[in-house]
1. At a Cα cut-off below 18 Å, give the aspartates and glutamates reachable from K176, other chains included and same-chain residues fewer than 8 away excluded.
2. For the range 88-180, rounded, prolate or oblate, judged on the Cα gyration tensor with a ≥ b ≥ c (square roots of eigenvalues), a/c < 1.5 rounded, else prolate if a/b > b/c?
3. Using a cut-off of 11 Å between beta-carbons, work out the net charge of the residues near I170 (Lys and Arg +1, Asp and Glu -1, I170 not included).
4. Who wins for biggest fluctuation among Y95, Y110, Y84 in a Gaussian network model of the chain, springs between alpha carbons below 10 Å?
5. Within the range 42-147, how many Lys pairs that are eight or more residues apart, or on different chains, come under 25 Å at the alpha-carbon?
6. Show me, for the range 122-139, the HN-Hα J-couplings you get by feeding each phi into the Karplus relation (A = 6.51, B = -1.76, C = 1.60, θ = phi - 60°), rounded to Hz, glycine and proline as x.
7. Once both axes come from the Cα atoms, what is the angle between helix 60-81 and the longest principal axis of the chain, in degrees from 0 to 90, rounded to 10?
8. Just to check I understand the Karplus step: with θ = phi - 60° and J = 6.51 cos²θ - 1.76 cosθ + 1.60, what whole-Hz values come out for the range 40-55, glycine and proline as x?
Amino acid sequence: MSRIGRMPIAIPAGVTVDVAENNKVVVKGPKGTLERVLPSEMTIQVEDGHVVVSRPNDLKKMKSLHGLTRTLIANMVTGVTQGYEKVLEINGVGYRAAKQGKELTLTLGYSHPVIMVDPEGIETILDGQNKITVRGIDKEKVGQFAAEIRDKRRPEPYKGKGIKYADEVIRRKVGKTGKK
């Protein structure tokens, strides 16, 4: 049995979980509402303050969907209660970020500034000129937007310039040495 899949998900106070037909799960909480259609093979039941996911048989596909379905629901519950955030750091001379309304303007050594608009349900917060915090209730969207920002100028291994996650470690390389 899937060790993750069979664990019940506790529903905190102030959160409601509704399961409609075709396994459409709607989670409402203090920070907002998330909805998602989950695999129809799984059985999702809400019982006395817990969500329980069970699978019909032990086929390999069902085993993998079991843990996935449970984790997706758990992430939705966490999202509407606490929310998610990713912190990015900009390193490099002249590299900086500015925020105007919903537009994030990145100056990253290109001939033009890179302008990114916050997607719906996601907000970016600047801390100084080189720390960007991406916040939202949908774990997938937060991670995706943070990855898109990072892709504008990935950290390079020689000087460590670029945009990196706050908890990311850049493997540094030694540069060229002159002839002797």
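None of the figures in this text is laboratory data; all of them are computed from the coordinates on show. Since the model is a prediction, treat every value here as computed from it, not as a measurement. So basically every Cβ, Gly included, is an ideal-geometry build from the backbone, and we count neighbours across all protein chains shown.
1. Filter leaves E156.
2. Values: a/c = 2.81, a/b = 1.84, b/c = 1.52.
Verdict is prolate for the range 88-180.
3. Numbers: positive: R154, K159, K161, K164, R171, R172, K173; negative: E89, E156, E168.
Net of charged neighbours comes to +4.
4. Checking each option, the largest mean-square fluctuation is seen for Y110.
5. 15
6. Listing the rounded values in order: 10, 10, 10, 10, 9, 10, x, 9, 10, 10, 10, 10, 9, 10, x, 9, 9, 4 Hz.
7. The answer is roughly 70 degrees.
8. These are the phi-based 3J(HN,Hα) values: 6, 6, 7, 9, 10, 10, 9, 10, 4, x, 9, 10, 10, 10, 10, 10 Hz.
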